[in-house]
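Okay, structure first, notes after.
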Amino acid sequence: MICIIRISGQVGLKKEIVETLNRLRLKRKYSCVVLNPSEKNLGMIKKVRDFVAFGELSDVDFENLIKARGQPIEKSKKIDAKDAVEKIKKGKKYEELNLKPFFRLHPPRKGINSKLHFPKGVLGNHKEKINDLLKRML
C-alpha cells in the first residue's frame, strides 16, 4: 500500500497539478490517502512528487491510521480497523466499508522542512520512512 501525504498548499500551483491532486483526493494541506499501487496511480504520483510525501505503508501503521483518523460515512455504523485493512488490501473500496477515502492529519510534531526533498526535507519518496512521518502526524 502506498501512503501519499500532501505537504504544499494550493497557492501558486499549476492547474494540471491541482487537478491531479484533486483526482488523488488530496484537496487540503496535510491530507492523506492510501492506495494500491497501479500504473495509473504511480503515474499521478510521479507528476505531483514535488508537492507530496509518499512511501510504502506498513499494515500496523495503516491500522493505526484508520483507528485514529478514519471517518465513517454513516456515523451510526462502527469501523473495525483490522477487518478494513484486510479488505482494502484485497481491492474493496473505502465507500463499501463505510469509510471516507481520505484522512485529515495534524501538522507533524517537531516540524518539517517543506521545501526540500527527502534526505534533508520531507517532499518526495520516503520508501519505508513514511511510517515515521505518519506517526508524527497522528
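Nothing in this text is a laboratory measurement; each read-out follows from the coordinates by a stated rule. Keep in mind the model is a prediction, meaning the values are calculated, not measured. Don't worry about glycine lacking a Cβ; one is built from the backbone with ideal geometry, like all the others, and counts go over all protein chains shown.
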What net charge do the residues around N125 carry, taking every other residue with its C-beta under 12 Å from that of N125, with Lys and Arg at +1 and Asp and Glu at -1?
+1
Identify the GluC sites (Glu not before Pro) of segment 1-109 meeting these criteria: DSSP loop state and at most 13 other C-beta atoms within 10 Å of the C-beta.
E74
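Across every pair of different alpha-carbon atoms, what Kirkwood hydrodynamic radius in Å does the chain reach? Don't skip to the end; give the middle numbers.
Working: mean 1/r = 0.0657 Å⁻¹.
Taking every pair of different Cα atoms in the chain, averaging 1/r and inverting gives 15.2 Å.
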Asserting the computed 222 nm helical MRE of the chain (DSSP H runs at least 4 long, -39500 (n - 2.57) per run, divided by residue count, to nearest 500) equals -10000 deg cm²/dmol
Distance (nanometres) between label positions extended 7 Å along Cα→Cβ at S58 and K46
2.9 nm
Kindly write out, for segment 125-138 in residue order, the coupling ³J(HN,Hα) from the Karplus curve 6.51 cos²θ - 1.76 cosθ + 1.60 (θ = phi - 60°), rounded to whole Hz, with x marking Gly and Pro.
7, 9, 6, 7, 6, 5, 4, 5, 5, 5, 5, 6, 9, 6
Search the structure for amide H atoms under 5 Å from the amide H of R49, placed 1.01 Å from N in the peptide plane, and list their residues when 5 or more places away or on another chain.
none
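Give the calculated FRET efficiency between K100 and K120 to the nearest 0.05, with a Förster radius of 25 Å applied to their Cβ-Cβ distance. Working shown, then result.
On the way: r = 33 Å, r/R0 = 1.32.
E between K100 and K120, to the nearest 0.05, is 0.15.
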How far is it, in nm, from the label point at E39 to the one at N113 when both lie 7 Å from their Cα along the line to the Cβ?
3.8 nm
Cut-off 10 Å between beta-carbons: net charge of the residues surrounding R69, Lys and Arg +1, Asp and Glu -1:
+3
In whole Hz, with x marking every Gly and Pro, tabulate ³J(HN,Hα) for segment 56-67 from phi via Karplus 6.51 cos²θ - 1.76 cosθ + 1.60, θ = phi - 60°.
7, 9, 7, 5, 5, 5, 5, 5, 5, 4, 5, 4
